[in-house]
């Protein structure tokens, strides 16, 4: 639509997110993105893939469809955990209960791109091995937090879980590789997988992570 930045895949990088900006540096330095400006907004394009900053934190980015048009939104963000463990994670956003403490809407979930989540996990595993990140936790998370995006499939690919790791350029490179694998697969045509929904936790979904890694099954939403 007129006035919107449009691409097949839009990678959203919040300005306020340290990990997001580290990942963005890796995307722009390792892939041939070209800078363009639309109505004062700077965006970067590689074929039909776009990287663009947003002003708000990812979980509160409720209005992305007002500004951007895509077939897939990927939020490249930090993961936070009290444990502070190093982690490379992916999941779909949404809230299952009457509460929406961390963005989104109560009892509302986004469209979960199951195949893209599987591709992200597979590439995170591969890239972690490539870059010597064997001690890092790599996996899926259950569906949680905002934003609520009504019509566009939406996913998160995250770098965690403390400031030390949000600044880690090597780990951010692994995340960037996973993001681009997902984006390029989405543009060129994804492999066909068996699609499922997961029921049960815990939060880091070890059973579903193992299943997705070791089978032709892709899991979209995971309901804890």
* Structure fact -> Here the FRET efficiency for residue 37 versus residue 167, based on Cβ atoms and R0 = 30 Å and rounded to 0.05, is 0.60
* When the chain is treated as a GNM, springs tying every alpha-carbon pair under 10 Å, which of 93, 153, 202 comes out with the largest mean-square fluctuation? -> 202
* **Listed residues 69, 130, 150, most fluctuating in the chain (Gaussian network, C-alpha, under 10 Å)** => 130
* Using DSSP, restrict attention to beta bridges with both residues in the range 5-223 and report what percent are antiparallel, rounded to the nearest 5. => 35 percent
* Structure fact -> Within the set 157, 207, 111, GNM on the chain using Cα springs under 10 Å gives the largest fluctuation to 207
* What is the range 5-223's relative contact order, in percent, from Cα pairs under 8 angstrom and six or more apart in sequence? -> 26 percent
* Of the listed peptides 141-147, 38-44, 102-108, 116-122, what is their order by residue-averaged count of other C-beta atoms within 10 Å, with the highest listed first? -> 116-122, 141-147, 102-108, 38-44
* Calculate the length of the line joining the C-alpha centroid of the range 110-155 to that of the range 71-103, in whole Å. => 10 Å
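Only the coordinates and a few stated rules stand behind these numbers; no lab work does. What you see is a predicted model; the values in this text were computed from it and never measured. Cβ coordinates were reconstructed from backbone atoms using ideal geometry, including for glycine residues, and neighbour counts include every protein chain displayed.
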